[in-house]
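Asks: Shown below is the structure under consideration.
The values are calculated or read from the model by the stated rules, or taken from the named source; none is laboratory data. Fair warning: this is a prediction, and the values are worked out from it, not measured in the lab. Note that we place each Cβ from the backbone using ideal geometry, even for glycine, and neighbour counts take in every protein chain shown. Note: accessible area is taken over every heavy atom of the protein model, side chains too, but ligands, DNA and RNA are not part of it. Shrake-Rupley method; radii C 1.70, N 1.55, O 1.52, S 1.80 Å.
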Amino acid sequence: MSLWLMSVILLAAGLAAGLLSSIAGLASLVSYPVLLMLGLPPVSANVTNTAALIFTGAGSSLSSLRELHHVRKTVLKVTIYALIGGVVGSFLLVIAPATTFERVVPFLVFGAGLLMLWSQFCHTVPKKVDHTNHLATTILKNTAILLVGVYIGYFGASAGMIMLSILIVTLNDSFGEINAIKNFAAFMTNILSLIIYAFTTKVYWWMVVPLGIGMFIGGYLGPVVIRHVPVKPLRIAISFSAFGLAAYLFYTAYY
């Protein structure tokens, strides 16, 4: 396959991935399999994908400045916990062998799909709670966000969807604001993870450029789409797509 054709494929995959990421946190539903199809080993595909995802985060954050301004304190808290988890996850990826990584991925993606589907049918506006319950809820929420950060650092695919599900259940903000929080926190965690990857694993930088350009455009368009289009049916469809991806990755890892 020629370099130009591969670049076109990566650009198109990045555009679709950026749009999916900024709407539902599922960029890797498209970009990760494409990188595998182009011949990258699983770990290298993951870290190359993470590098390109930074462009999605930049585009979606730039497009969501209005929403981020309204929830600045929440953005800061969520980002800090995600960053701490991202450091742990990045080092886990470096330590764990590639075979272990490849066998764990299908279950992570399947779990992400379940969480997103569950959030669509079960989320409600949180009720007011007393101080004791509020403390327990806060600890549980922060722990969950930290674990999502670990997941972003270790794999990243569908991590945005998991965080989106958690924030939908625990926050009273609008969907647009919650989505903006998710995009920014994932953006910062991916940057930190990439810094660690750059010194420990191989990143295919030439693939990052066309993939990243597409992701930036898609990431910028995502928040615009959310403001004008009902996204619930779309995210339900993406949840089932995650199940399909999990089945494909399970087959390739175990058979």
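Asks: Give the residue, chosen from L62, L93, that is assigned to a helix (DSSP H, G or I) and either over 15 Å from F187 (Cα atoms) or within 14 Å of the chain's Cα centre (by Cα) (or both).
Replies: L93
Asks: For L10, indicate whether it is open to solvent by less than 10 Å² (accessible area, probe 1.4 Å), part of a helix (DSSP H, G or I) and either acidic (D, E) or at pLDDT 85 or above (or both).
Replies: Yes; evaluated as a whole, the condition is true for this residue.
Asks: Going by the structure shown, is L147 at pLDDT 80 or above and under 15 Å from the mean Cα position of the chain (by Cα)?
Replies: Against the criterion (at pLDDT 80 or above and under 15 Å from the mean Cα position of the chain (by Cα)), L147 qualifies.
Asks: So how many residues does the range 153-199 have that are under 23 Å from V34 (Cα atoms) and not hydrophobic (A, V, I, L, M, F, W, C)?
Replies: Summing the residues that are under 23 Å from V34 (Cα atoms) and not hydrophobic (A, V, I, L, M, F, W, C) in the range 153-199 gives 10.
Asks: I need the full set of residues from the range 203-239 which are open to solvent by 30 Å² or more (accessible area, probe 1.4 Å), closer than 24 Å to L108 by Cβ and modelled with pLDDT under 85, in order please.
Replies: Answer for the range 203-239, where residues must be open to solvent by 30 Å² or more (accessible area, probe 1.4 Å), closer than 24 Å to L108 by Cβ and modelled with pLDDT under 85: K232, L234, I236, A237.
Asks: Going residue by residue through the range 39-48, is there one that turns out to be open to solvent by less than 10 Å² (accessible area, probe 1.4 Å), at pLDDT below 90, within 18 Å of the chain's Cα centre (by Cα) and on the phi > 0 side of the Ramachandran plot?
Replies: Checked the range 39-48: no residue is open to solvent by less than 10 Å² (accessible area, probe 1.4 Å), at pLDDT below 90, within 18 Å of the chain's Cα centre (by Cα) and on the phi > 0 side of the Ramachandran plot.
Asks: Cβ-Cβ below 9 Å, separation at least six or inter-chain, first residue in the range 195-213 and more than 19 Å from A17 (Cα to Cα), second part of a helix (DSSP H, G or I) and aromatic (F, W, Y): which pairs?
Replies: I196/F91; T200/F91
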